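Read through the structure below, which is laid out as structure tokens, and then see the notes.
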Amino acid sequence: MNSDWTRREFLSRAAAAATSLAFAESAANFHPKAATPSPMHGRYLTHVSVVRVNQIEVTPDRSIGEDEAIDNRPDRIRSRRQAFATGCPNGRMTWAISWLALNDSRKEYQEARKLLASFHDRYGDEITFIPGGYFAPMYDTREHNRQTLHKALGMISNLVGGGYRPQSIVAGFMDAENQRYLATEESIHVCQGQIWSQHGIDNGDGDGGICYPYYPSREHYLKPAQGPSDFIDCVCLDGWTCDFLSARREGFQGGFNSRMGVGPIETVGNLGTTVGRKEMMDTTAMHFDRGHALNGFGWVTAIWELSIGHDEDLTYWLQAVRNRWPDTKVMTEGAFGLDWREHNPNNASLNYRFAAKGTGAPGSEKELEIEWFMNREFRLALLHNWTTQSPPMVIDFTRYDLKAEEPLGLQREWSLMNVLNQKGIRPQDKPIRLQQLSPEDQHRIYERYPNLKNRS
């Protein structure tokens, strides 16, 4: 027997055993009925790299977009991992592999799969599955997606060996029922299951949720569970941290990119290296400076497809983050989600707040400031001109206590919109003053945030 293989198998089994033990302990100690633990603290960064064959593999046997096999070859995988290690030597990242990449028989993909398994053994990276090219619920039924998830998870376990099981799924969008399935049938309690504030871009729309971790409701994946009856024990995570000012826009409204933030396509790719990297850091600071002060912890995340390159920008970003915020924990999606789950047995303590001024990049007006309030009952966004001290205008008020339903058929629209939505795409989505909301809604807001009454 080959000695290198034997050592690798031993390490894989040891790592898997440690992961299984840690998961078992988390499942035992952090059940939703457990006593409320202490608040979460610190700064967290999660990075996901995607290995695929086709640009958008919407179902196991159907793809749209370009064939990217040449851009997912083994040397590109090595380059991405080296870029990550150079930026953060002791960090761990998540790799999400598509259905076609799991099943492609070409030599390059056989080597690619072995590389990913070795990254788990060597670095402790998480290797997991990405269904539907980010848009599984938009293009296939819940039942078919459930079958694909089950099969792919088995392939991932066989690929890594030693009884390995990922702690999370990277999905882009994932319906509530299949997040419940992951938790109850697959023992996976973390799902990157929503793309916060995405609307009018790519192949799926999903605005209306919370940009930090929450447990979804069985009614709708963007609605935080209101209590035990609709609780899904699967921590739902955002996929991309975006500039709050640009994210309020619809698609490319005004000629600006609403997805601008820490991703390289919208920043360095569109704005150039100097301006783009500054925007990546300015967006990070929204969470690691003011956001950290307001919430006690900050989290920044992004999914970078291997095919887009930008490895040098990944190295720069990680190094710059470590230099500016040396306490930052760079960890896998699963580890971060389970850490949050450890500190939050349910949604009762959700109370995220953000206050961000525009960065000056295109679409992020320097004179504007946006404030977000996100909790179990609702989310609220206020926008004002801080240079003139103009009164705040409500640009989003989404109630989570109202009944919500996901689409039954296949369609691109999976948003949760009711009272007022930041994208401004419906007739009622016009900015208003706080006192123009209904008395009931004003009471709901002021009861939780009494200081806002002085600003109405």
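Rolling a 1.4 Å probe over the protein heavy atoms of the chain, with every protein chain left in place, gives an accessible area that is 51 percent carbon and sulfur.
Would you mind checking which residues have amide H under 5 Å from residue 235's amide H? H placed 1.01 Å from N; only 5 or more apart, or other chain. Residues meeting the criterion, in which the H sits 1.01 Å from N, are 190, 191.
Determine, from the Cβ-Cβ distance of residue 106 and residue 147 and an R0 of 30 Å, the FRET efficiency 1/(1 + (r/R0)^6), rounded to the nearest 0.05. For residue 106 and residue 147, the calculated efficiency is 0.75.
Please report the antiparallel percentage of the DSSP beta bridges confined to the chain, to the nearest 5. Bridges in the chain that DSSP calls antiparallel: roughly 55 percent. Amide H contacts under 5 Å for residue 400: 378, 379, restricted to partners 5 or more places along the chain or on a different chain, H placed in the peptide plane at 1.01 Å from N. Peptide packing: for 94-100, 58-64, the average count of neighbouring Cβ atoms within 10 Å per residue gives the ranking 94-100, 58-64, highest mean first. The three principal axes of the C-alpha atoms in region 219-286 carry coordinate ranges of 49, 24, 17 Å, sorted with the longest axis first. Rounding to the nearest 10 and keeping the result within 0 to 90°, find how far the Cα-based axis of helix 273-285 lies from the longest principal axis of the chain. Rounded to the nearest ten degrees, it is 70.
Averaged over residues, the count of other Cβ atoms within 10 Å places the peptides 42-54, 79-91 in the sequence 42-54, 79-91, highest first. For the chain, the solvent-accessible area of protein heavy atoms averages 39 Å² per residue (probe radius 1.4 Å; ligands and nucleic acids excluded). For region 443-456, 3J(HN,Hα) computed residue by residue from phi via the Karplus equation (6.51, -1.76, 1.60; θ = phi - 60°) reads 4, 4, 6, 5, 5, 8, 10, x, 5, 5, 5, 6, 10, 7 Hz, glycine and proline entered as x.
To the nearest ten degrees, helix 311-324 and the longest principal axis of the Cα atoms of the chain are 60 degrees apart. On a C-alpha basis, how far is the centre of region 389-428 from the centre of region 194-265 in Å? Whole number, if you could? Taking the Cα centre of region 194-265 as reference, the centre of region 389-428 is 12 Å away. Ranked by the mean number of other Cβ atoms within 10 Å of their residues, highest first, the peptides 104-116, 373-385, 235-247 fall in the order 235-247, 373-385, 104-116. Computed log10 I(q)/I(0) for the chain at 0.09, 0.11, 0.13 Å⁻¹: -0.55, -0.84, -1.21, from the Debye equation with unit scatterers placed on every C-alpha and solvent omitted.
Taking label points 7 Å from Cα along the Cα-to-Cβ direction, residue 403 and residue 155 give a separation of 4.0 nm. Note on residue 388 and residue 324: with the Förster distance fixed at 22 Å, the Cβ-Cβ geometry gives a FRET efficiency of about 0.10. Taking all C-alpha pairs of region 114-212, those more than 16 Å from each other amount to 57 percent.
Of interest is the spacing of the C-alpha centroids, which for region 131-149 and region 308-363 amounts to 27 Å. In this simple spin-label model, placing a label point 7 Å from the Cα along the Cα-to-Cβ direction at both residue 184 and residue 218 gives a separation of 0.6 nm. May I ask you to compute the full-extension gain from residue 436 to residue 123, defined as 0.36 nm times their residue separation minus their alpha-carbon distance, rounded to one decimal in nm? Residue separation times 0.36 nm, minus the Cα-Cα distance, leaves 107.3 nm.
Using the Karplus relation 6.51 cos²θ - 1.76 cosθ + 1.60 with θ = phi - 60°, the per-residue 3J(HN,Hα) values for region 117-126 come to 4, 5, 5, 5, 5, 7, 10, x, 5, 8 Hz, with x marking Gly and Pro.
The values are calculated or read from the model by the stated rules, or taken from the named source; none is laboratory data. Since we're looking at a predicted model, the values are computed, not measured. Every residue, glycine among them, receives a Cβ derived from its backbone with ideal geometry; neighbour counts consider all protein chains shown. Remember, those area values only see protein heavy atoms, side chains included, never the ligands or the DNA or RNA. Shrake-Rupley method; radii C 1.70, N 1.55, O 1.52, S 1.80 Å.
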